[in-house]
1. Sort out which residues of the range 38-50 are open to solvent by 80 Å² or more (accessible area, probe 1.4 Å) and among the polar types (S, T, N, Q), and write them in order of number.
2. Is it the case that some residue within the range 51-72 is among the acidic types (Asp, Glu), at pLDDT below 85 and open to solvent by 90 Å² or more (accessible area, probe 1.4 Å)?
3. If you scan the range 9-44, which residues turn out to be out of contact with any helix residue (DSSP H, G or I) (no Cβ under 9 Å at 6 or more places or on another chain) and closer than 19 Å to LEU67 by Cβ?
Amino acid sequence: MNHNGKTAFPARRNGLVILVIVGAAVAGLVIAFSHIEGPATKCEQVGGQMLIGPGGETSCINPRTFLPVEAYTAEETTK
């Protein structure tokens, strides 16, 4: 097998271009999703903590009393 430099370098360059494009896309997604507020962020803004049950159900609770935070549930139902 004769591997000369003229055929090997374009393949490496193409691989590098693909790697840079994928890296930029991942970085763009990270930046885009970091500005979206999810339910846990909204729960923390009203002073609660998000509790996740064994079946995947979630609840925003007061960390001192373990009761549901009413401001969070009322805010979510009006939107």
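1. Answer for the range 38-50, where residues must be open to solvent by 80 Å² or more (accessible area, probe 1.4 Å) and among the polar types (S, T, N, Q): GLN45, GLN49.
2. yes
3. ALA40, GLU44
The values are calculated or read from the model by the stated rules, or taken from the named source; none is laboratory data. None of the values given here were measured: they were computed from a predicted structure. Ideal geometry is used to build each Cβ from the backbone, glycine not excepted, and the neighbour counts take in all protein chains shown. The protein model used for the area step is the full one, side chains on, heavy atoms only, and it has no ligands, DNA or RNA in it. Shrake-Rupley method; radii C 1.70, N 1.55, O 1.52, S 1.80 Å.
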